[in-house]
Amino acid sequence: MTEQLNQFQGAATIEKVASLCRRRAFVFPSSDIYGGLGSSFDFGHYGVLMNDNVKAEWRRALIQEREDVVALDSAIILQPQVWVASGHVSGFSDPLVDCRTCKLRFRADQLEQSACGRKPSKHPGETPDCDLTEPRQFNLMFETYVGPVRDDAARAYLRPETAQGIFVNFKNVVSSMRVKPPFGIAQIGKSFRNEITPGNFLFRMREFEQMEMEFFVPPDEAAEWHRYWIDARRDWHLSLGIRESHLRVRAHGVEELSHYSSATSDIEYLYPIGWQELEGVANRGDYDLRQHADASGTKLEWVGHEERYVPHVIEPAISVVRSTLAFLCDAYDEEEVAGRPRTVLRLHPRIAPVKVAVLPLIGKDTAMVEQARGLYEELRHAMSAEYDDSAAIGKRYRRQDEIGTPWALTIDEQTLEDGTVTLRDRDTLEQERIPIAGARALLEDRLRQDWRPRE
Ligand code: ATP
């Protein structure tokens, strides 16, 4: 399959990407003025636009361009019985160890990726001073109470995955939409996990948006559809510009499988911190529908003219942040142009937060400003556009490079004479003159074209 490198190819480190994200209003540490809240982040203007593009591309591929997947948006707080039946109350936990010396807590299955509290160059348990407890199971669900009384009967959970909201709506969807297995239900929404060791910037957070799709199939087609969705999802990442050498598919060993899964493959991305799960594609079998049918007393099955069965389920599941972080790491580049350093995000144009910047060459020239404003106002109806007349042109280009804007249109003296503008390409730095009247159509066309990263 993919040529598998084990080293990230590119200029990105998590620290550099995080610093650019903060500097350029993609991501801010949350509650910053109060000292922050561990691994909690807020998204700034460009982060919001970029996350929206990631979600839009996911919806386009999974819903808009298919006839067999429908959308759903279920509640975050569900009836708590849902989480008992799904197995999350008893089984959604990670093994936790405490260090009696440094008082830190670690995931017992991730000691190799954690740093000792006293000697960060060592892993927990590796120094003579480390004194780790036996592992104990720690449930990752956040608890809350519904209503005014805080007792056990009122206890509820913030969902740790969006999938269960889909399973409990299976009957509603089947009886109200024209669906028949194989078909899918897709949803995007916030999930919450009280992770023991969040970190690596956006990679592991306690609050994150998931994009999940449950694809219901006849039982004897499950293995085939599992392979189909692994390939389809891998292709999605590639089509949006992730380098092939930075993607691989890894099947879970039996000991790694979640409580609901009969087979799972991770699509892994080579983040600057190493290969990590970007997306999971699980074969959940009939586990969830059977659990909810048993617990609720409602039949959850497919009834056709001549057949009746409990569908099996294939689930591709990814978070927006892991996808956004992979796009940012893949796109981050540093180079020297005309003796000056340039930082650029070589994002796929459809993922880039801003598609085009409109820049009057001289910000104080009234005629240029007027032309530029007119063009900007036309373009912004069609795509995310930005107008900037605030500094020397070189500085304005660099600013756009850093947020990954693929194209800039510059209005200069010649525009006033012949109605043409310069189109600057972020990646090649080439400048071509195009008629101002055709700019919108030209950019719309480029946005539809394939785009490949420079390997
Ligand atoms: P991990 O092993 O990294 O804890 P997981 O196997 O528990 O992840 P799943 O339950 O399969 O993850 O979740 C589906 C997807 O949701 C993951 O592939 C990932 O993209 C995303 N995800 C899971 N946990 C987090 C988190 N804490 N922060 C951000 N994204 C997450």
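The values are calculated or read from the model by the stated rules, or taken from the named source; none is laboratory data. Remember, it's a predicted structure, so these values are computed and weren't measured experimentally. All Cβ positions, glycine included, derive from the backbone under ideal geometry; neighbour counts span all protein chains shown. The protein model used for the area step is the full one, side chains on, heavy atoms only, and it has no ligands, DNA or RNA in it. Shrake-Rupley method; radii C 1.70, N 1.55, O 1.52, S 1.80 Å.
When you look at Arg308, is it without any contact (Cβ under 8 Å) to a residue 60 or more places away in the chain and farther than 19 Å from Glu224 by Cα, yes or no? Steps first, answer last, please.
Working: without any contact (Cβ under 8 Å) to a residue 60 or more places away in the chain: yes; farther than 19 Å from Glu224 by Cα: yes.
Against the criterion (without any contact (Cβ under 8 Å) to a residue 60 or more places away in the chain and farther than 19 Å from Glu224 by Cα), Arg308 qualifies.
Filtering segment 367-413 down to residues that are open to solvent by less than 10 Å² (accessible area, probe 1.4 Å), without any contact (Cβ under 8 Å) to a residue 60 or more places away in the chain and over 24 Å from the mean Cα position of the chain (by Cα), which residue is farthest from Ile351 (Cα to Cα)? Steps first, please.
Pass one, segment 367-413, residues open to solvent by less than 10 Å² (accessible area, probe 1.4 Å): 368, 372, 375, 379, 396, 400-401, 403-406, 408-411.
Imposing the further condition that a residue be without any contact (Cβ under 8 Å) to a residue 60 or more places away in the chain reduces the set to 368, 372, 396, 400-401, 405-406, 408-411.
Remaining after also requiring over 24 Å from the mean Cα position of the chain (by Cα): 368, 372, 396, 408-411.
Values: Met368: 30, Ala372: 24, Arg396: 21, Ala408: 16, Leu409: 19, Thr410: 22, Ile411: 26 Å.
Result: Met368.
If the condition is being open to solvent by 10 Å² or more (accessible area, probe 1.4 Å) and either farther than 20 Å from Leu78 by Cβ or in contact (Cβ under 8 Å) with a residue 12 or more places away in the chain (or both), then segment 158-172 contributes Leu158, Val168, Asn169, Lys171. The condition of being in contact with a strand residue (DSSP E or B) (Cβ under 7 Å, 6 or more places away or on another chain) and under 19 Å from Gly87 (Cβ atoms) holds for Ile314.
Within segment 235-251, the set of residues being touching a strand residue (DSSP E or B) at 6+ places or on another chain (Cβ under 8 Å) and either farther than 18 Å from Gly274 by Cα or not charged (D, E, K, R) (or both) comprises His237, Leu238, Ile242, Ser245, His246, Leu247, Val249, Ala251. Of the set (1) assigned to a loop (DSSP other than H, G, I, E, B); (2) touching a His at 6+ places or on another chain (Cβ under 7 Å); (3) not hydroxyl-bearing (Ser, Thr, Tyr), all apply to Leu111 but (1). Of all the residues in segment 258-279, those that are of a type outside the set (Asp, Glu), open to solvent by 10 Å² or more (accessible area, probe 1.4 Å) and under 20 Å from Gln113 (Cα atoms) number 5. Checked against (1) away from the ligand (no atom under 16 Å from the Cβ); (2) buried (at least 16 other Cβ atoms within 10 Å of the Cβ), Val303 meets all criteria but (2).
None of Ala295, Ala331 is surrounded by fewer than 20 Cβ atoms within 10 Å (Cβ to Cβ) and in contact (Cβ under 8 Å) with a residue 40 or more places away in the chain except Ala295.
The sole residue among Leu62, Leu78, Leu72 that is under 28 Å from Asp286 (Cα atoms) and in contact with a Lys or Arg (Cβ under 8 Å, 6 or more places away or on another chain) is Leu78. Only a single criterion out of (1) in a strand (DSSP E or B); (2) closer than 26 Å to Leu202 by Cβ; (3) not hydroxyl-bearing (Ser, Thr, Tyr) is not satisfied by Arg322, namely (1). Looking at segment 344-351, can you tell me whether even one residue there is away from the ligand (no atom under 16 Å from the Cβ), open to solvent by 20 Å² or more (accessible area, probe 1.4 Å) and either among the basic types (Lys, Arg) or at pLDDT 95 or above (or both)? For segment 344-351, residues away from the ligand (no atom under 16 Å from the Cβ), open to solvent by 20 Å² or more (accessible area, probe 1.4 Å) and either among the basic types (Lys, Arg) or at pLDDT 95 or above (or both): present.
What about Glu209, is it among the acidic types (Asp, Glu), within 15 Å of the ligand (Cβ to nearest atom) and either open to solvent by 30 Å² or more (accessible area, probe 1.4 Å) or within 28 Å of Leu78 (Cα to Cα) (or both)?
Numbers: among the acidic types (Asp, Glu): yes; within 15 Å of the ligand (Cβ to nearest atom): yes; either open to solvent by 30 Å² or more (accessible area, probe 1.4 Å) or within 28 Å of Leu78 (Cα to Cα) (or both): yes.
Considered against the rule, which asks whether it is among the acidic types (Asp, Glu), within 15 Å of the ligand (Cβ to nearest atom) and either open to solvent by 30 Å² or more (accessible area, probe 1.4 Å) or within 28 Å of Leu78 (Cα to Cα) (or both), Glu209 comes out as yes.
Residue under question is Ser90, and the condition is that it be over 17 Å from the mean Cα position of the chain (by Cα) and open to solvent by less than 30 Å² (accessible area, probe 1.4 Å); does it hold? Against the criterion (over 17 Å from the mean Cα position of the chain (by Cα) and open to solvent by less than 30 Å² (accessible area, probe 1.4 Å)), Ser90 does not qualify.
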